[in-house]
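Here the structure is laid out as structure tokens; the discussion comes afterwards.
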Amino acid sequence: SIISQSQRTNSNALIIYKDGNIAYENYFNNAVQKIEAMSATKSVVAIGIGILLDKGFIDSLNQPVYTIHPEWKQGNKKFITIRHLLEHTSGLQNVPNAGDEVEIAPDVIQLALCAELDDKPGTRYSYNNKSSNLLAGIIEKTAKLKMDAFLDKYLFKDLGIKNFSWRKDEKGNPYGMAGLQIYPKDFAKIGLLILDNGNWNGKQLISAAWIKEMLKPSPNNQNYGYEWWLTYENMYYSFDDELINAIKNETDETTFQLIAKLKGRYKGMKDLREFAQKIYSPEELKLVGKIMQKVQPSQMKTVNDGEILNYTASGYLGQYLIIVPKSKTVVVRMITSDNFKKIPNNSTMENLRKLVNEL
């Protein structure tokens, strides 16, 4: 069950709301504290963009970014829209691991603005920390408030979220890719707000139209809306030729031939790992493992089937805010890096998105 697994994986908090009421709250003998939401922060940033739109700070999602940052009025960058940033289809050059490039940059807005283009805007989904950071910059440029102050004014105050903090770069820009440090119970309020179509205690904080738009599957990745993950009844990861060929540049011919054996469909990374353990010798597994560490689930194509069961904000180490409309359930599971280090197998509870559907 969710509860036993949360306990087993050293969670700092598990909060479950049913029908708007708290059904379960456990901190597993840990202090009640603010915890970094990691990449689940991105989903909160998307709500911020919705508020910008609702309040008329931006005209539409099809507004080119150069209308806000004129230095992009050149080459293919002039075609990048706010929608592209939300869908991760901007085409901006990107390193998936934020620690390698973004975390060390003194000014993440400038880093994003100066990035090369790897793809033509709007053509390909590629999970991108730079584009999420630029969304924070767009909020600031258009609303004349730093993003954390903007969200405090237009969202958190009404939700009764009084105590939160936000990690920033040296220049003082709040990160859009991560950085929100929040109490788990406060994080759940964001889920409750979405479950109630943007309404909080009778006050419409975000338009219902935005909630619907934000949670729609994107054309280039049916698994993703605007910074929210979508969980379908049946989901498979596809380890296809495109991914195998992308790995080719990272490795030698022997390892490449081994990796090519993984071509197929998998129910999740666990399924893929189990298959790899069956077909490889321990030595081969070591070789393949080194390369596979670089493969993120977000790089694998997903094949979806059936209805959308839940919407998820998810972050590094296993931070989750999950909304299950059918059963009117909101689940938050959070963990600190200290607690994560104590887990023997470093489980990020990636099956949580399936488990919540049983509640």
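Kindly indicate whether Ile47 is under 29 Å from Lys328 (Cβ atoms) and modelled with pLDDT of 95 or more. Give the derivation first.
Values: under 29 Å from Lys328 (Cβ atoms): yes; modelled with pLDDT of 95 or more: yes.
Taking the combined requirement at face value, the residue satisfies it.
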(request) Tally the residues that are of a type outside the set (Val, Ile, Thr) and over 20 Å from Ala115 (Cβ atoms), restricting the search to region 46-89. (result) 13
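Residues that are at positive phi and either touching a residue at least 12 places away in the same chain (Cβ under 8 Å) or under 19 Å from the mean Cα position of the chain (by Cα) (or both): does region 147-162 have at least one? If you could, list the steps in order and put the result at the bottom.
Applying the first criterion (at positive phi) to region 147-162 yields 160.
Now narrow it down to the ones that are either touching a residue at least 12 places away in the same chain (Cβ under 8 Å) or under 19 Å from the mean Cα position of the chain (by Cα) (or both): 160.
Checking region 147-162: at least one residue is at positive phi and either touching a residue at least 12 places away in the same chain (Cβ under 8 Å) or under 19 Å from the mean Cα position of the chain (by Cα) (or both).
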(message) For region 150-190, give me the residue count where each residue is in a loop (DSSP other than H, G, I, E, B), under 25 Å from Asp107 (Cα atoms) and either hydroxyl-bearing (Ser, Thr, Tyr) or not assigned by TED's automatic domain parsing to the domain that holds Asn12 (or both).
(response) 1
(request) Find the strands (runs of 3 or more DSSP E) located wholly in region 217-315 whose residues include 2 or more that are aromatic (Phe, Trp, Tyr), and list them. (result) 229-239
(message) Let me confirm something: among Pro325, Pro344, which residue is free of Cβ contacts under 8 Å to residues at least 40 places away in the same chain, out of contact with any strand residue (DSSP E or B) (no Cβ under 6 Å at 6 or more places or on another chain) and in the same structural domain as Tyr226 (by TED's automatic domain parsing)?
(response) Pro344
(message) Which pairs turn up if I take residues in region 217-229 that are over 17 Å from Ile322 (Cα atoms) and look for partners that are in a loop (DSSP other than H, G, I, E, B) with beta carbon separation below 7 Å, at least 6 apart in sequence or on another chain?
(response) Ser218/Tyr125; Ser218/Gly225; Asn220/Thr89; Asn220/Arg124; Asn220/Tyr125; Asn221/Tyr125
(request) Could you check how many residues of region 75-132 are in contact (Cβ under 8 Å) with a residue 60 or more places away in the chain and among the acidic types (Asp, Glu)? (result) 2
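The rows are residues; the columns are (1) modelled with pLDDT of 85 or more; (2) small (Gly, Ala, Ser); (3) out of contact with any helix residue (DSSP H, G or I) (no Cβ under 8 Å at 6 or more places or on another chain).
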position: Leu243; (1), (2), (3): no, no, no
position: Phe256; (1), (2), (3): yes, no, no
position: Gly264; (1), (2), (3): yes, yes, no
position: Met269; (1), (2), (3): no, no, no
position: Ser281; (1), (2), (3): yes, yes, yes
position: Pro297; (1), (2), (3): no, no, no
(request) Please specify each residue of region 13-60 satisfying the condition of being within 20 Å of the chain's Cα centre (by Cα) and either at positive phi or not assigned by TED's automatic domain parsing to the domain that holds Thr348 (or both). (result) Met38
(request) Evaluate region 274-290: report whether one residue or more is under 29 Å from Met334 (Cα atoms) and surrounded by 15 or more Cβ atoms within 10 Å (Cβ to Cβ). (result) no
(message) Yes or no: region 113-130 includes at least one residue that is assigned by TED's automatic domain parsing to the domain that holds Asn197, within 23 Å of Glu242 (Cβ to Cβ) and hydrophobic (A, V, I, L, M, F, W, C).
(response) yes
(request) Scan region 202-214 for residues that are surrounded by fewer than 21 Cβ atoms within 10 Å (Cβ to Cβ) and outside any helix (DSSP H, G or I) and jot them down. (result) Gly202, Lys203, Gln204, Leu205, Ser207
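Residues of region 332-350 being surrounded by fewer than 15 Cβ atoms within 10 Å (Cβ to Cβ) and in a loop (DSSP other than H, G, I, E, B), which ones? If you could, list the steps in order and put the result at the bottom.
As a first pass, look at region 332-350 and keep what is surrounded by fewer than 15 Cβ atoms within 10 Å (Cβ to Cβ): 337-338, 341-342, 344-346, 350.
Listed by number, the residues that qualify are Lys342, Pro344, Asn345, Asn346, Glu350.
The values are calculated or read from the model by the stated rules, or taken from the named source; none is laboratory data. Just so it is clear, the structure is predicted and the values come from calculations on it, not from any experiment. For neighbour counting, all protein chains shown are included, and Cβ atoms are generated from backbone atoms with ideal geometry for every residue, glycine included.
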